[in-house]
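Structure record follows, encoded as structure tokens.
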Amino acid sequence: MSTRHCPWDPYTATSWAKVLGMVHVPLFGKEKDPKDVRESAILLDGSKASFAFLCTESRKLAEEVRPLSWSWSSHVRHIAAVVPTNDSLYLRCWDRPEVTRRFRLPKQAVGAVSLLQELEAASEPTRPDVIRYILEPFRQIRQRVNSKGALWAVRLLNSLLLSAERLRGTPSERWPKTFAEVVAGLGVKDRRLCGVCDDPPEGVGEQNAQDLIHRFVQPEPYTGCQIMPSLLFRHAASNLYQEAHLEIERNPQGYLPGLEPVEEPSSSRSPRDVRFTPPNLARALIQRSLDCLTSMPKELTVLDPACGSGVFLTELLHELQSRGLLQNHSVRVIGYDISEISEYTARFCLEYTKRDLGLSRGPPPEVERCDSLDREWAEADIILMNPPFISWERLDSEQRRKAASVLGPLAEKRPDLAMAFFFKAVQSLRPGGVLASVLPAPVLSSRSAVGLRERLRASGRLDLVGRFEGYRFFPTSLVETAFLVYQKERDVKRRSQTVEVLISREGAEDAALRALRLAPTEAETIEGVERFTRSARAFPSETWRPLRRRDYEKRDHLASLELPRASDLFHIRQGARLGHRVFLLRDQQYGELGRKEKAYFRPAAGGGSIRDGQLAKSEYVFYPYAADGSSLIQDERELRSKLPSYYRSYLMPAKAELAARRGFADKWWELYRKRSWQLALSPDLVSTYFGGSGSFAFDGSGEYVVVNGHAWLWAHGMVAVPGSQSLPFEQTPGVWAYLALLNSSCFEEVLCLFSIPLQGGQMRLERRFLANVPLPDLCSGSQISHEHFGQLVKFGKAIHAGRLRDVFPDLDCVVRLIYGLGSR
């Protein structure tokens, strides 16, 4: 990383922040730094490399445990103490209080970069961080509150933490003994802040709280660090409440007495649509949004319609404070959330932040518990959001109705719930207003959202679009995460003609967000990060999915070839949808059926049966249909008679579930979607639902039923063959040529430019992603050479015979020549 453009002053936290692209947050808020501290701050960079900065004349302070308590309570592992009197930097971490590393104070900015790299490479803490330390008593509070609900558990947690701040230094015999005494000891403002103006529910107030007070007041026994609640609330409140909320989601009934886990199991998973926003991502989007505003209104309205614990809105207040904008501007912050816990924690965090920043004036925060899709949104200058990531398949009927109602004519195909939030957000923006959103990457390229993207292009402009490759940043996600900043502006003449792109490889997300705060030339040398601009024309309504710079160059090259699209050559048809797992039997289960029963099954082609370009009879699907689509089983008596073993072992135990399907009350044993195009035996190319090279095969007999996959049906009827009359595509050498090309690693590379990767690296092979993939017409005789065609035919036959790995390198070379992509 070059730092030649950044002036360097090693004694000031702002200089370190500017050089490193980090967020500067004063450590102690409106409170003054301790007397022996010249300057202090938290330099924010996600989780791993964030650190506390301290400038002090006291070498003794730099080596005490007190600063470690500050960093621990702030939820950052390291603290860097600069001591000007001996030009030294003392680096420490709270989980190893006995270790103090002393360095010469860097005279050049490159030394700051070296320190950051060391923090990024540091091992994980050896002790529970402050959030994990607090979660254990939170579980105990939940157990003691029991049936009174999780909300009271969070209220009492906050009450205990605020009490601990007041009780430090007070003799233990004067500490409160029960929850009721804890609440009674709070001042009126603190009781109102915690939501405990009413006494705790019956049976809760008398519960013992002494051990919990002891845990919060006394030093952590292994490190000697003490919880400083004011620093915890200032710097780590969003992390605390997000983890507490996850704890409630995972264990809604709480724990039995004595069985509370000491630490969260590493395998714990939150619901798939729960993606809490990291503060550094929130801050980066907020900074970009404020920079986009052409003018700062005197009365600024900011909305988060899925506010969670309020991280966007609290980070907004911190950012406005750092820019000196809270003194002369009125800020109205509004949050909606469907969760009772989120409503409470967001309000608490916002009220505490206002108190912490000394903001006694201005409108109070407006946090409302509601379903955002059921209400009108406030008109806003800035909308910040991380909406629910729930695909159409996982929406219940009521959610589908709401999404369709919000989107209206734009509710095409299978809209994601995030699309409904996105549309309402743009409708609610004032002219010139800005939307910054985290969203599932497929929304940027899905066919369902083409109309939505077209509407957005007509009413505004993309300012920034980014993507985190992989899944580390949001580990519960099944799709990649994207984000964008969009400005509503109808005046075409005022729109920027370029869009900034930010791409991060997996593991470099924090570095990518730092890159946004640096000059573009400074960001070029950050490993794993690409930041560049593209013409707005590179983001047509068909797709806004951001790519790496080299991938844009590949797409430009492929466009110049003017090849047909996959959908021009093939009808890509989705396979049968079963409706229940009992309709698909493994090979061993199928083998246990009688000969007559087996006649009602066909081998299944899809994810379980295609390996290295070959079909294997490893799964069989119940398919009781004649070639004309009529059912071979007319009633349950006939079903029981003709398939006694299958009926008894598989169908009958699942009858209640099968009959509950809409429209299947009578013939409950039928498939949800049998797909009429595969009733008759017909050879075809088939693929898995997810995959890459090796995921395509040829069903020469046509006996397979495509399940959990797709069939590729030739779209142009008969194919002219030299020296012969026209033949069906499946009887020509072209089928072998396509089998080879589709299974090449080069084609997988092309797929990556259009499809969406899933965890494990597999690509989505649905028509909506593959429709626009450029694919040469191998049957025309004009788009590739006779030599290359012959090689592909040879490779395709070898793949069908089980020798994909043998021909893989040579196959890839040929396909690269066809696409003009050169060697890897």
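The values are calculated or read from the model by the stated rules, or taken from the named source; none is laboratory data. Quick caveat, the model's predicted, so the values are computed rather than measured. Note that we place each Cβ from the backbone using ideal geometry, even for glycine, and neighbour counts take in every protein chain shown. Protein only, heavy atoms only, side chains kept; ligands, DNA and RNA dropped before computing areas. Shrake-Rupley method; radii C 1.70, N 1.55, O 1.52, S 1.80 Å.
Looking only at the stretch 430-442, filter to residues that are open to solvent by 10 Å² or more (accessible area, probe 1.4 Å) and not basic (Lys, Arg); which one of those is nearest to residue 278 (Cα to Cα)?
Out of the qualifying residues, it is 442.
Within the stretch 489-502, can one find any residue that is part of a strand (DSSP E or B) and within 25 Å of residue 116 (Cα to Cα)?
For the stretch 489-502, residues part of a strand (DSSP E or B) and within 25 Å of residue 116 (Cα to Cα): present.
Out of all the residues in the stretch 727-781, which are of a type in the set (S, T, N, Q), under 19 Å from residue 801 (Cα atoms) and either open to solvent by 10 Å² or more (accessible area, probe 1.4 Å) or out of contact with any helix residue (DSSP H, G or I) (no Cβ under 7 Å at 6 or more places or on another chain) (or both)?
Within the stretch 727-781, 731, 732, 745 qualify.
Quick check: is even one residue across the stretch 222-230 at pLDDT below 90 and either open to solvent by 20 Å² or more (accessible area, probe 1.4 Å) or within 22 Å of residue 143 (Cβ to Cβ) (or both)?
No, the conditions are met nowhere in the stretch 222-230.
Any idea which residue in the stretch 708-722 is modelled with the highest pLDDT, counting only those that are open to solvent by 40 Å² or more (accessible area, probe 1.4 Å) and of a type in the set (A, V, I, L, M, F, W, C)?
It comes out as 718.
Pairs under 8 Å by beta carbon, first residue open to solvent by 50 Å² or more (accessible area, probe 1.4 Å) in the stretch 584-595, partner of a type outside the set (A, V, I, L, M, F, W, C) and part of a loop (DSSP other than H, G, I, E, B), six or more apart or different chains?
586/618; 587/617; 587/618
State which residue is surrounded by the most Cβ atoms within 10 Å (Cβ to Cβ) when the search covers only the stretch 48-86 and only residues that are of a type in the set (D, E, K, R) and closer than 21 Å to residue 105 by Cα.
Among residues in the stretch 48-86 that are of a type in the set (D, E, K, R) and closer than 21 Å to residue 105 by Cα, the one surrounded by the most Cβ atoms within 10 Å (Cβ to Cβ) is 77.
Condition check: closer than 21 Å to residue 442 by Cα, modelled with pLDDT of 90 or more and not aliphatic (A, V, I, L, M). Does residue 583 satisfy that?
In short, no.
Please go through the stretch 698-733 and pick out each residue that is in contact with a Phe, Trp or Tyr (Cβ under 9 Å, 6 or more places away or on another chain) and under 21 Å from residue 620 (Cβ atoms).
698, 705, 707, 708, 709, 710, 711
Which of the residues spanning the stretch 316-331 are touching a Leu at 6+ places or on another chain (Cβ under 9 Å) and not hydroxyl-bearing (Ser, Thr, Tyr)?
Hits for the stretch 316-331 are 316, 317, 318, 319, 320, 321, 323, 325, 326, 329, 331.
Hey, residue 471 hits all of (1) assigned to a loop (DSSP other than H, G, I, E, B); (2) under 30 Å from residue 762 (Cβ atoms); (3) open to solvent by 30 Å² or more (accessible area, probe 1.4 Å); (4) touching a residue at least 40 places away in the same chain (Cβ under 8 Å) but one; which does it fall short on?
It fails just one condition, (3).
Look through the stretch 528-542, keep the residues that are of a type in the set (A, V, I, L, M, F, W, C) and touching a residue at least 40 places away in the same chain (Cβ under 8 Å), and return whichever of them is most open to solvent (accessible area, probe 1.4 Å).
Ranking the qualifying residues of the stretch 528-542, first place goes to 536.
Are there any pairs with C-beta distances below 6 angstrom linking a residue in the stretch 234-251 that is part of a helix (DSSP H, G or I) to a residue that is surrounded by fewer than 22 Cβ atoms within 10 Å (Cβ to Cβ) and of a type in the set (A, V, I, L, M), with the two at least 6 apart or on different chains, and if so which?
Matching pairs, first to second residue: 239/131; 240/131; 243/131; 245/341.
Here's a check for you: in the stretch 101-123, which residue that is surrounded by 18 or more Cβ atoms within 10 Å (Cβ to Cβ) and within 27 Å of the chain's Cα centre (by Cα) is nearest to residue 240 (Cα to Cα)?
Step by step, filter the stretch 101-123, then rank; the result is 119.
Evaluate the following for residue 112: is it at negative phi, in contact with a strand residue (DSSP E or B) (Cβ under 7 Å, 6 or more places away or on another chain) and not charged (D, E, K, R)?
So residue 112 fails the test.
Of all residues in the stretch 386-442 being of a type in the set (Lys, Arg) and farther than 29 Å from residue 291 by Cβ, which is farthest from the chain's Cα centre (by Cα)?
Ranking the candidates gives 401 first.
Does any residue of the stretch 395-418 turn out to be open to solvent by less than 10 Å² (accessible area, probe 1.4 Å), within 24 Å of residue 773 (Cα to Cα) and either at pLDDT 90 or above or not in a strand (DSSP E or B) (or both)?
yes
Run down 425, 441, 420, 436 and say which single residue is more than 20 Å from residue 305 (Cβ to Cβ) and of a type outside the set (Ser, Thr, Tyr).
Being more than 20 Å from residue 305 (Cβ to Cβ) and of a type outside the set (Ser, Thr, Tyr) holds for just one of 425, 441, 420, 436, which is 441.
Being β-branched (Val, Ile, Thr) and in a helix (DSSP H, G or I) is the filter here; which residues of the stretch 340-382 pass it?
Residues satisfying the conditions are 341, 345, 353.
Tell me the residue from 43, 68, 61 that is in contact (Cβ under 8 Å) with a residue 24 or more places away in the chain and not in a helix (DSSP H, G or I), please.
Matching residue, one of 43, 68, 61: 43.
Taking residue 521, is it of a type in the set (S, T, N, Q), over 21 Å from the mean Cα position of the chain (by Cα) and farther than 20 Å from residue 382 by Cα?
Spelling it out, residue 521 is indeed of a type in the set (S, T, N, Q), over 21 Å from the mean Cα position of the chain (by Cα) and farther than 20 Å from residue 382 by Cα.
Would you point out the residue of the stretch 364-394, among those that are open to solvent by less than 20 Å² (accessible area, probe 1.4 Å) and polar (S, T, N, Q), that is nearest to residue 296 (Cα to Cα)?
386
For the stretch 543-553, check the following and say yes or no: at least one residue is at pLDDT 95 or above and open to solvent by less than 10 Å² (accessible area, probe 1.4 Å).
No: zero hits.
Which of the residues that make up the stretch 25-47 are open to solvent by 80 Å² or more (accessible area, probe 1.4 Å) and within 29 Å of the chain's Cα centre (by Cα)?
The one that is open to solvent by 80 Å² or more (accessible area, probe 1.4 Å) and within 29 Å of the chain's Cα centre (by Cα): 47.
So which helices (runs of 4 or more DSSP H) stay within the stretch 124-187 end to end and still have 1 or more residues that are open to solvent by 40 Å² or more (accessible area, probe 1.4 Å) and without any contact (Cβ under 8 Å) to a residue 24 or more places away in the chain?
Counting at least 1 such residues, we get 150-167, 179-184.
Of all the residues that make up the stretch 496-527, how many are touching a strand residue (DSSP E or B) at 6+ places or on another chain (Cβ under 7 Å) and surrounded by 15 or more Cβ atoms within 10 Å (Cβ to Cβ)?
Counting residues in the stretch 496-527 that are touching a strand residue (DSSP E or B) at 6+ places or on another chain (Cβ under 7 Å) and surrounded by 15 or more Cβ atoms within 10 Å (Cβ to Cβ) gives 14.
Considering the stretch 665-684 alone, what residues qualify as being assigned to a loop (DSSP other than H, G, I, E, B), under 17 Å from residue 624 (Cβ atoms) and either of a type in the set (S, T, N, Q) or at pLDDT 90 or above (or both)?
Residues satisfying the conditions are 667, 668, 669, 670, 671, 672, 674, 675, 679, 680, 681.
Would it be correct to say that residue 484 is open to solvent by less than 10 Å² (accessible area, probe 1.4 Å), at pLDDT 90 or above and farther than 27 Å from residue 771 by Cβ?
Here the answer is no, as residue 484 does not meet what is asked.
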